[in-house]
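Undergrad: Before anything else, here's the structure in question.
The values are calculated or read from the model by the stated rules, or taken from the named source; none is laboratory data. Everything numeric here is computed off the predicted structure, so don't read it as measured data. For neighbour counting, all protein chains shown are included, and Cβ atoms are generated from backbone atoms with ideal geometry for every residue, glycine included. Note: areas computed on protein heavy atoms with side chains; ligands, DNA, RNA excluded. Shrake-Rupley method; radii C 1.70, N 1.55, O 1.52, S 1.80 Å.
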Amino acid sequence: MEEDDNKRSRFRKICVFCGSHSGHREVFSDAAIELGNELVKRKIDLVYGGGSVGLMGLISRRVYEGGFHVLGIIPKALMPTEISGETVGEVRVVADMHERKAAMAQEAEAFIALPGGYGTMEELLEMITWSQLGIHKKTVGLLNVDGYYNSLLALFDTGVEEGFIKPGARNIVVSAPTAKELMEKMEEYTPSHKHVAAHESWKVEELGAQSKPQ
């Protein structure tokens, strides 16, 4: 059983979106550390928002201390706010939020959102949208810690019921309450939605070009 737990994941690098705050309850910090442990166990490198505070700091330190590569991508304007003290791993400074998201999307093979605020949710929703449009074919995971995202998931269900989200597209989001369960579901995930446009029709090369530092 232990051998199965430590086998190489289908993912080599996962981008984690999460808050620059830790939240009011310890359960959120515990979840960030738990996800970091799960990435280390599965030998997965981390791509994240580059901050050293909040949940970002916790998961980046855990993966780095576990011996795996950490790439933080941060806009220059946010460095005074999101970096406090020493960062770990590689830090790439970019011009703005658009370049940050493009770089994170280019570098990672899948995405996971931990609890966070508007920024985390916006990054999550953009990756869901890009999947629906066919811009990428990468798995999008949601770590629903202690029901934090229940209301958001219910809103997605309402979108299906009201005819704004197709049932297949609702399945883009893979969610689970624990890091281990989420990773197991993501490892087995197969897309069931139809892309709005063919993946090949998007200028994916340009997305990659935008992700490179100027």
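Undergrad: When the chain is modelled as a GNM with alpha-carbon springs shorter than 10 Å, which of LEU142, LEU58, LEU78 fluctuates the most?
TA: Fluctuation is largest for LEU78.
Undergrad: Moving to a separate point now. Shape of the range 71-156 from its Cα gyration tensor (a ≥ b ≥ c, root eigenvalues): rounded if a/c is under 1.5, otherwise prolate when a/b > b/c, or oblate? Don't skip to the answer; put the middle values down first.
TA: On the way: a/c = 2.06, a/b = 1.39, b/c = 1.48.
Oblate, since a/c reaches 1.5 and b/c is not below a/b.
Undergrad: Using a Gaussian network model of the chain with C-alpha springs under 10 Å, which one of ILE33, ILE165, ILE128 is most mobile by mean-square fluctuation?
TA: Among ILE33, ILE165, ILE128, the largest GNM mean-square fluctuation belongs to ILE165.
Undergrad: Treat each spin label as a single point 7 Å out from the Cα along the C-beta direction, and report the VAL53 to PHE164 distance in nm.
TA: Label-label distance for VAL53 and PHE164, simple model: 3.3 nm.
Undergrad: Please return the longest range in the chain lying between exposed loop sites, taking GluC sites (Glu not before Pro), DSSP loop only, at most 11 other beta-carbon atoms within 10 Å, and leaving the sites out. Each step should come with its number before you reach the end.
TA: Values: sites that count: GLU86, GLU162.
No qualifying site falls inside 1-85, the longest such stretch.
Undergrad: Leaving ligands and nucleic acids out of the surface, order ARG10, ARG61 by accessible area at 1.4 Å, largest first.
TA: On the way: ARG10 120, ARG61 90 Å².
Output order, biggest surface exposure first: ARG10, ARG61.
Undergrad: Still on this model: Leaving out ligands, DNA and RNA, and with a 1.4 Å probe, what % of the accessible surface on the range 54-157 is carbon or sulfur? Intermediate results must be reported in sequence, preceding the final value.
TA: Values: 2350 of 4340 Å².
Reported share for carbon and sulfur atoms: 54 percent.
Undergrad: Need the full-extension length gain, THR178 to GLU122, defined as separation in residues times 0.36 nm minus the C-alpha distance. One decimal, nm. Let's see the in-between values first.
TA: Numbers: separation 56, 0.36 × 56 = 20.16 nm, distance 2.17 nm.
Extending this stretch completely gives an extra 18.0 nm.
Undergrad: Provide the per residue accessible area, probe 1.4 Å, for the range 16-151, rounded to a whole number of square angstrom. Don't jump to the answer; show the numbers that get you there.
TA: Working: 5460 Å² over 136 residues.
I get 40 Å² per residue for the range 16-151.
Undergrad: Something else now. Which of the residue pairs LYS13/LYS76; LYS137/LYS180; LYS76/LYS137; LYS41/LYS180; LYS138/LYS185 have a Cα-Cα distance greater than 19 Å in the structure shown?
TA: Working: LYS13/LYS76 23 Å; LYS137/LYS180 22 Å; LYS76/LYS137 29 Å; LYS41/LYS180 10 Å; LYS138/LYS185 14 Å.
Flagged as over cut-off: LYS13/LYS76; LYS137/LYS180; LYS76/LYS137.
Undergrad: For the range 53-60, take each phi angle, set θ = phi - 60°, evaluate the Karplus expression 6.51 cos²θ - 1.76 cosθ + 1.60, and give the result in whole Hz per residue in order, putting x for glycine and proline.
TA: Result, ordered by residue: 10, x, 5, 4, x, 5, 6, 5 Hz.
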